[in-house]
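Rule-based calculations on the coordinates, nothing more; no lab input. The shown structure was predicted, so the numbers you read here are calculated from the model rather than taken from an experiment. Positions of Cβ are generated from backbone atoms using ideal geometry, with glycine treated the same way; all protein chains shown enter the neighbour counts.
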Amino acid sequence: MTDSLADPHLRFPGTAPTGNGNGGAVSEAGAPRDIVILGSTGSIGTQAVDVVLKNPGRFRVTALAASGGRVELLAEQAHRLGVRSVAVAREDAVPALREALRAVYGSGEPLPELLAGPDAATELAASPCHTVLNGITGSIGLAPTLAALEAGRTLALANKESLIVGGPLVRRAARPGQIVPVDSEHSALFQALMGGSRDEVRKLLVTASGGPFRGRSRAQLADVTPKEAMAHPTWDMGPVITINSATLVNKGLEVIEAHLLYDIPFDRIQVVVHPQSAVHSMVEFMDGSTLAQCGPPDMRLPIALGLGWPERVPDSGPVFSWTEAMSWDFYPLDEEAFPSVPLACHVGALGGTAPAVFNAANEECVEAFLAGRLPFTGIVDTVAAVVEEHGTPEGTGLTLPDVLAAETWARARARELAERSATAPAEARA
């Protein structure tokens, strides 16, 4: 295996990236670690803020970035954390954000620097700090991911899409161990991999809750409603991730991410359904031993590890009560009912712009499903059709314009196919 992007064996102070020597802030012993949080008003971001506020002597947030849809919350976060800079992707949100900031800051308090536009988060990702937490949802997180890596920052990565759609770009930009994964599954693999050398790894076992439709056949999924699909049994997440968890597209993306992070071939990565979400993932070693990372389903645990690595943050989240009876179940994945995982493995093996096409087409199909223009089973079916039409990528080089062009095409094509499905007679869609 080549060097992995997320290497848990680079765990001692001085071995992990701490700055590029050109303006990158490096925390000294006993000083708070400077953090930039991207996507601060989303699910990951709000929980990261919670972790920071509970550990004021350990972390100091210097900048926040968000889409601009929740300006009151963003202003409150900025004031409580005392940040230097605030960014929003939507320029039309600036007046409301400025008003919200004035409402929470005292008359004598200076307001933070305000950035706006599609490149604002990317600018903050390269600003002086120790760690950038990328909690942005979607492939728009790719440019900030690359900016943080190229600036020499440690990247706590929750934005899986940026790695998936820009895998080769991220590989070229990152040094071994520069990325600390924040997804619960990849954080679990990161921790379990400490149990042996990389040459001793036989298999990565990525657990999946199974979503709200575990046990249903493909036929039983045909009439699923958006309300049913949004009712995840374990996790409280945003709409795109929640629907991706219902289709298991999210698990397919995680398999691609695991391959890219740990350089394990796809035929040695297996998805296991585990409804309780207590075992977050496992590593099987060559001697037959399997190490699992377990914990209550609470994202503050992997977030805190991503922010604090190589140290653990005490009392980051809840723990199990070992005085009470509990049981954990494991089931094989039904690939006929949930074909998204084998499709993702195929796409990951193709490489090039294929993962970007897969991800972009899926985002459009999820939107069409939530709007009632596409049936539940039509999400993955349409994504598969777009991927097949895209074909096998040519060449080995990949640039950011390549990725953006592939995404633009995939989104347009997915919208066309979804619209065609919406206007087709019911018997044709059956």
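The trypsin sites (Lys or Arg not before Pro) of segment 259-352 that meet both conditions, a loop assignment by DSSP and at most 13 other Cβ atoms within 10 Å of the site Cβ, are 312. All other residues whose Cβ lies under 13 angstrom from that of residue 217 are scored, Lys and Arg at +1 and Asp and Glu at -1, for a net of -1. Between Rg and the Kirkwood Rh of segment 33-182, both from Cα atoms, what is the Rg to Rh ratio? Taking Rg over the Kirkwood Rh, I get 0.96. The order of 282, 326, 230, going from fewest to most other C-beta atoms within 10 Å of their C-beta, is 326, 230, 282.
Put in line by how crowded their Cβ is, counting other Cβ atoms within 10 Å and starting with the fewest, 160, 203, 227, 251 read 227, 203, 251, 160. Subtracting the Cα-Cα distance of residue 31 and residue 266 from their residue separation scaled by 0.36 nm leaves 80.4 nm.
Distance between the modelled labels on residue 392 and residue 322, one decimal in nanometres: 5.3 nm (7 Å Cα→Cβ projection). Beta bridges assigned by DSSP with both partners in the chain are antiparallel in approximately 30 percent of cases.
If you look at the Cα atoms of the chain, you get an Rg and a Dmax of 21.2, 67 Å. Rounded to whole Å, the principal axis extents of the Cα atoms in segment 165-277 read 45, 27, 23, largest first. Multiplying each eigenvalue of the alpha-carbon gyration tensor of segment 283-430 by 5 and taking the square root yields semi-axes of 37, 22, 17 Å, largest first, rounded to whole angstroms. Ordered by the number of other Cβ atoms lying within 10 Å of each residue's own Cβ, fewest first, 328, 309, 322, 409 fall into the sequence 322, 328, 409, 309. In this structure, residue 99 and residue 336 have a Cβ-Cβ separation that, at R0 = 56 Å, corresponds to a calculated FRET efficiency of about 0.60. Partner lysines whose Cα lies under 24 Å from the Cα of residue 227, excluding those fewer than 8 positions away in the same chain, are identified as 251.
Each Lys or Arg adds one and each Asp or Glu subtracts one; over the other residues with Cβ under 12 Å from the Cβ of residue 136, this totals 0. Membrane-span-like helices in the chain, defined here as complete DSSP H runs extending at least 30 Å along the helix axis by their C-alpha atoms with mean Kyte-Doolittle hydropathy no lower than -0.5, are 400-423; this is a sequence and geometry rule, not a statement about a membrane. Run the reach check for residue 160 against aspartates and glutamates, Cα to Cα strictly under 13 Å, same-chain hits fewer than 8 apart removed. What comes back? Answer for residue 160, where 13 Å is the Cα cut-off: 183, 185, 254, 257, listed by chain and number.
Taking every DSSP helix (H) stretch of at least 4 residues in the chain, weighting each as -39,500 (n - 2.57) and dividing the sum by the residue count yields a mean residue ellipticity at 222 nm of -12000 deg cm²/dmol.
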